[in-house]
Amino acid sequence: MNNQPHNDLKSRLLADFRTSEERMNGASKSALHQIRREALNQFDRLGFPTVKHEEWKYTNVNSLIKEVFEFNAPSAITLEDLAQLESSQLNGNVLYFVNGQYQPQLSKIVSPADQLSITTLAEAVKNTPDLLNQYFAKYADFQDNAFTALNTAFASEGVVIHVPAHTTVEAPTILRFISDARQMNVASQPRNLFIVDQNAEVKVAESFRTLGDQASFTNVVTEIVVAEDARMEYYKIQNESDMAYHIGTTQVYQQDRSHFYSATVTLDGGFIRNNLNIALDGSNCEAHMYGLYFPNGRQHIDNHTLVDHRKPNSHSNELYKGILEDRSTGVFNGKIFVRQDAQKTNAYQSCKNVVLSNDATMNTKPQLEIFADDVKCSHGTTTGKLNEEALFYLQSRGIPKTEAQSLLMFAFAEDVIKKIKIDPLREQLERRIQAKLAR
């Protein structure tokens with residue numbers, strides 16, 4: 001994107017699409033590009049949300065849309081630069097994207113091709129258009145979400161992961177998205193598609209990091225299809241800068257007897273909005289969602305979740321926890337939707353927060369919409385300070401106050417940390433969380 005002045009970010013994006021349209025992946029008459037055009041028109045109609053939108057009541061994007069970003073900016077990142085990020089030594093498939101662009105020289109794929117298909121979105125456009133036509137933009141709805149519409153319009157970089165039926169992928173796959181903001185404001189719009197076929201199993205993690213102190217903007221959409229009897233573990237880890245804007249939507253579609261297991265951990269990031277939407281469109285499905293966030297300074301972290309129970313005999317369980325410091329703000333908006341046909345649904349939701357400063361703010365909005373009569377559903381949220389009795393007890397045993405506070409906070413967070421089943425990822429997170437809590 002060129003940085004010629006326009007009235008606002010929306011105007012710049014619309015102008016950039018129209019001038020670069022013919023250079024994008026796929027011929028202008030392809031089915032994929034028709035979806036892009038439709039999404040751009042919808043983005044034009046919607047515009048960026050304001051706090052008058054109920055779903056954005058506590059999250060104001062004004063500071064984002066006033067910035068000027070270079071999209072898909074080139075980067076001279078090196079292995080020495082990556083070493084600064086202290087990435088975990090994961091024995092598996094590791095793919096690097098810098099400012100939205102795939103870096104094959106930094107990446108490695110160890111799983112056999114007949115066990116796991118990993119391609120970039122650009123490759124999939126050329127080599128497997130039928131697969132994209134079947135799944136792309138079929139689940140992440142861009143009709144009512146401006147950022148999803150924007151991502152869909154510009155979708156050209158990202159990952160397509162396809163696990164064939166009756167296959168268990170032993171090695172985990174981690175996608176590392178790095179914003180190199182050392183020289184300028186940068187932006188990227190990764191678009192990912194994960195397809196787990198019948199009775200298959202896979203583990204995937206998305207990691208987001210920042211280099212440099214200029215502003216960055218990541219607008220990422222991930223669509224996940226979990227077929228009958230399939231199982232998937234999905235982790236999203238965010239450790240970005242105070243100048244990072246991150247808006248992400250993960251849209252999950254589950255079929256009969258499928259199992260989806262997720263954890264979203266936000267260690268740092270100036271402005272974060274995570275949307276996790278799960279449609280249980282089959283009987284006897286399970287969906288487990290865990291979240292953990294640690295805003296400090298003036299950081300803003302917003303987690304929106306939606307669990308849509310469409311068929312009977314399914315189960316969902318959700319636990320999100322937050323620790324807020326300084327003048328930070330947090331948002332949790334979790335909705336459970338049980339349709340009329342979804343009898344014998346079990347759905348549970350809990351959000352618990354510890355606020356360590358009088359200047360920190362936590363906004364919570366748990367919601368239940370139930371249209372079936374034979375269900376078990378509950379939701380609850382708590383926000384408070386550290387347990388003073390436990391703190392006093394630890395101090396009475398000779399533990400200094402700051403160390404005692406760190407111990408209590410880590411114990412509070414451990415309920416979510418221990419849910420991460422990729423051992424190197426969990427161990428690295430434990431070290432980072434302990435370091436942050438000790439500050």
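The values are calculated or read from the model by the stated rules, or taken from the named source; none is laboratory data. Just so you know, these numbers come straight off a predicted model, no measurement behind them. So basically every Cβ, Gly included, is an ideal-geometry build from the backbone, and we count neighbours across all protein chains shown. For accessibility, only protein heavy atoms count, side chains too; no ligands or nucleic acids. Shrake-Rupley method; radii C 1.70, N 1.55, O 1.52, S 1.80 Å.
Report, to the nearest whole %, how much of the accessible area of the stretch 388-439 belongs to carbon and sulfur atoms, 1.4 Å probe, protein only. Could you put the intermediate results ahead of the total?
Numbers: 1610 of 3090 Å².
Whole-percent figure for carbon plus sulfur exposure: 52.
Taking all protein chains as present, what is the carbon and sulfur share of the accessible area of the stretch 142-233, in % to the nearest whole number, probe 1.4 Å?
Numbers: 860 of 2190 Å².
In the stretch 142-233, the share of accessible area belonging to carbon and sulfur is 39 percent.
Taking the Cβ of Ala76 as the centre, find all other residues whose Cβ is under 10 Å away and add up their charges (Lys, Arg: +1; Asp, Glu: -1). Let's see the in-between values first.
Numbers: positive: Arg182; negative: Asp81, Asp180.
Net charge around Ala76: -1.
Collect residues whose amide H, placed 1.01 Å from N in the peptide plane, falls under 5 Å from the amide H of Arg231; neighbours closer than 5 in sequence don't count.
Sorted by chain and number, the residues that satisfy this are Ala200, Glu201, Val202, His259.
Quick one: compute the contact order of the stretch 388-439, relative version, from alpha carbon pairs under 8 angstrom and 6+ residues apart, as a percent. Walk me through the numbers before you get to the answer.
On the way: 22 pairs, mean separation 18.6, N = 52.
Result for the stretch 388-439 is 36 percent.
Take every Cα-Cα pair in the stretch 365-412 and report what % of them are more than 18 Å apart.
Values: 577 of 1128 pairs.
Of the Cα pairs, 51 percent sit more than 18 Å apart.
Stretch Asp16-Asp130 to full length: gain in nm at 0.36 nm per residue minus the Cα-Cα span?
Working: separation 114, 0.36 × 114 = 41.04 nm, distance 2.78 nm.
Gain on extension, Asp16 to Asp130, equals 38.3 nm.
Using just the Cα positions, wrap the stretch 388-439 in a convex hull and report its mean projected area in square nanometres, one decimal place. Intermediate values should be presented prior to the final figure.
On the way: hull surface 15.0 nm².
In nm², the orientation-averaged hull projection of the stretch 388-439 is 3.8.
I need the shape label for the stretch 229-275. Rule: rounded when a/c is under 1.5, else prolate if a/b > b/c, else oblate, with a, b, c from the alpha carbon gyration tensor.
Numbers: a/c = 5.55, a/b = 2.66, b/c = 2.09.
Prolate, because a/c is 1.5 or more and a/b exceeds b/c.
Past the 30 Å Cα-Cα mark, which pairs from Lys108/Lys236; Lys57/Lys126; Lys236/Lys311; Lys138/Lys352?
Details: Lys108/Lys236 20 Å; Lys57/Lys126 41 Å; Lys236/Lys311 27 Å; Lys138/Lys352 33 Å.
Where the Cα-Cα span goes over 30 Å, the pairs concerned are Lys57/Lys126; Lys138/Lys352.
State log₁₀ I(q)/I(0) for the chain at q = 0.07, 0.12, 0.14 Å⁻¹ as given by the Debye formula over alpha-carbon point scatterers of equal weight, solvent excluded.
At q = 0.07, 0.12, 0.14 Å⁻¹ the computed log10 ratios are -0.33, -1.04, -1.44.
Taking every pair of distinct Cα atoms and averaging 1/r, then inverting, what Kirkwood hydrodynamic radius in Å comes out for the stretch 26-84? Numbers along the way, then the final one.
Numbers: mean 1/r = 0.0648 Å⁻¹.
After inverting the pairwise mean of 1/r, the radius is 15.4 Å.
Relative contact order of the chain, please, whole-number percent, based on alpha carbon pairs below 8 angstrom and at least 6 residues apart. Each step should come with its number before you reach the end.
Working: 1092 pairs, mean separation 41.6, N = 439.
Once divided by the residue count of the chain, the mean separation gives 9 percent.
I'd like the distance separating the alpha-carbon centroids of the stretch 384-439 and the stretch 332-382, in whole Å.
Each part's Cα centre sits 25 Å from the other's.
Cβ neighbours within 10 Å, averaged per peptide: list 35-45, 387-397, 238-248 in order, most packed at the top. Let's see the in-between values first.
Values: 35-45: 18.1, 387-397: 12.0, 238-248: 21.9.
Top to bottom by mean Cβ count within 10 Å: 238-248, 35-45, 387-397.
Leaving out ligands and nucleic acids, and using a 1.4 Å probe, what accessible area per residue does the stretch 9-387 come to in Å²? Please list the in-between numbers first.
Numbers: 14390 Å² over 379 residues.
For the stretch 9-387, the per-residue accessible area is 38 Å².
So, counting K/R as plus one and D/E as minus one, what does the shell of residues with Cβ under 13 Å around Met184 add up to? Mind showing how you got there, number by number?
Details: positive: Arg182; negative: Glu67, Glu70, Asp180, Asp213.
Surrounding charge for Met184 is -3.
For the stretch 188-268, what number results from the quotient of the Cα radius of gyration and 2.2 N^0.38 Å? Before the final figure, lay out each step's value.
Numbers: Rg = 14.5 Å, N = 81, 2.2 N^0.38 = 11.7 Å.
It is 1.24.
Within 10 Å, count the other beta carbons around each residue, average over each peptide in 423-435, 100-112, 223-235, and list them highest first. Spell out each step's value before the answer.
Working: 423-435: 16.5, 100-112: 15.0, 223-235: 22.0.
In descending order of packing, they fall as 223-235, 423-435, 100-112.
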